[in-house]
Amino acid sequence: MTEHDTGEPGDHGPRARSRARENTTFACVHCARTVPANTDGHYRNHCPYCLWSLHVDEKPGDRASTCRQAMQPIRLVEKSGKGWQVVHRCTACGHRQPNRLVRDGDSPDDLDLVLSLPWL
């Protein structure tokens, strides 16, 4: 194993990442609440309390963005195979990114909030 390997199956060096290491607790960039790690088998990339996110990806999951600014939830879409997603827009550069709603686990997204937003 090299210093860049995660030890995960299929790990092939510095670009490979461990999903387990990405699924961590973080502080929301918008409301500052503590956002717990997701427990439904996916990792969380937005706040379940206000739905805001952080611009860390250029393509889903790549963590390649250097922008690192707040992303506002702007609309709700349904995608076949992925279910309901919140579309976020970066407040600095305008990048748009859909993110799957968290429906299960210990801390699901606040569906009352989702349904109360003006996009519906």
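Just a few scattered comments:
- In the range 50-120, counting only strands (runs of 3 or more DSSP E) that sit wholly within it, the ones holding 1 or more residues that are acidic (D, E) span 70-79.
- Scanning the range 86-107 for residues that are over 21 Å from A32 (Cβ atoms) and modelled with pLDDT of 90 or more yields V87, C93, G94, H95, R96, Q97, P98.
- Residue within the range 72-83 that is farther than 22 Å from L115 by Cα and not β-branched (V, I, T) present: no
- Identity of the residue in the range 22-35, hydrophobic (A, V, I, L, M, F, W, C) and either under 15 Å from K82 (Cβ atoms) or assigned to a loop (DSSP other than H, G, I, E, B) (or both), that ends up least open to solvent (accessible area, probe 1.4 Å): C28
- Number of residues in the range 46-72 that are in contact (Cβ under 8 Å) with a residue 40 or more places away in the chain, closer than 13 Å to D109 by Cα and open to solvent by less than 40 Å² (accessible area, probe 1.4 Å): the value is 5.
- Here N38 meets each of (1) open to solvent by less than 30 Å² (accessible area, probe 1.4 Å); (2) at pLDDT 90 or above; (3) assigned to a loop (DSSP other than H, G, I, E, B) with one exception, condition (2).
- Number of residues in the range 73-86 that are surrounded by fewer than 17 Cβ atoms within 10 Å (Cβ to Cβ) and either in contact (Cβ under 8 Å) with a residue 24 or more places away in the chain or of a type in the set (A, V, I, L, M, F, W, C) (or both) equals 4.
- So R100, is it open to solvent by less than 70 Å² (accessible area, probe 1.4 Å) and of a type in the set (K, R): no
The values are calculated or read from the model by the stated rules, or taken from the named source; none is laboratory data. Source: prediction; values computed, not measured. Backbone-built Cβ (ideal geometry, glycine too); neighbour counts: all protein chains shown. What goes into the accessible areas is simple: the full protein's heavy atoms, side chains included, and nothing from ligands, DNA or RNA. Shrake-Rupley method; radii C 1.70, N 1.55, O 1.52, S 1.80 Å.
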